[in-house]
Amino acid sequence: QTAPTESVTNKLNGMTALLDTSLGAVRRISSDLRPTMLDDLGLNAAVEWLVEEFQKRHENLACTLVLDLGDRKIGKEPAIAAYRVVQECLTNVARHADADKLHLMLGVRDGRLVISIQDNGRGLSPDKKGGFGLLGMRKRVQALGGSFNLDSLPGEGVAVDVSLPLARETQEDSA
């Protein structure tokens, strides 16, 4: 056998670096879509982490986070939906709102998981009702029997209010 030439070695090293970068990106995307933190630590910790990471990337945007779940265990489907709604709203604020304030509340009211997110950005123009992100949030929430409401006036920001039914306890769960 002959030793690989320097050119071949350089190409292999470049391909290895590209694969490492790609694998890191896939892991990051996968974590963003469904963080293991959601399973391991619950919705409170996952949303707290999401907002902290958002705040690090957008230091000029003051975020207020109110978590009012107590020690209530949230079912898998409502937790995933809530996490994705918060994630999409944060993405929309960062990309489109030009806001400097954001208020996010997540809590339980009357047996429902409620999410309220408001920014003081530019709002949606009357002829636009949002894109695929808003449509995806609405469909995800409605599929779980929840309600999705968006209020916006140009120049006055956007308010998203979501209400999701919590998973009902079975008789075995309460025994």
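The values are calculated or read from the model by the stated rules, or taken from the named source; none is laboratory data. Just so you know, these numbers come straight off a predicted model, no measurement behind them. Heads up, the Cβs are rebuilt from the backbone with ideal geometry, glycines too, and the neighbour counts pull from every protein chain shown.
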Subset of the stretch 79-114 [of a type in the set (A, V, I, L, M), more than 19 Å from residue 45 (Cβ to Cβ) and part of a strand (DSSP E or B)]: 102
Positions within the stretch 110-128 being in contact (Cβ under 8 Å) with a residue 12 or more places away in the chain and surrounded by fewer than 14 Cβ atoms within 10 Å (Cβ to Cβ), in sequence order: 111, 125, 126
Candidate set: the stretch 53-78, residues that are in a strand (DSSP E or B) and touching a helix residue (DSSP H, G or I) at 6+ places or on another chain (Cβ under 6 Å); chosen: the one farthest from residue 124 (Cα to Cα): 67
Given (1) at pLDDT 90 or above; (2) of a type in the set (A, V, I, L, M, F, W, C); (3) loosely packed, with under 14 Cβ neighbours inside 10 Å; (4) within 17 Å of the chain's Cα centre (by Cα), number of the condition residue 132 does not satisfy: (1)
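Hey, does the stretch 19-30 have a residue that's more than 15 Å from the chain's Cα centre (by Cα) and modelled with pLDDT of 85 or more? Full working, then the answer.
Going residue by residue through the stretch 19-30, those that are more than 15 Å from the chain's Cα centre (by Cα) are 19-27.
Restricting the remaining residues to those that are modelled with pLDDT of 85 or more gives 19.
So far as the stretch 19-30 goes, yes, one or more of its residues are more than 15 Å from the chain's Cα centre (by Cα) and modelled with pLDDT of 85 or more.
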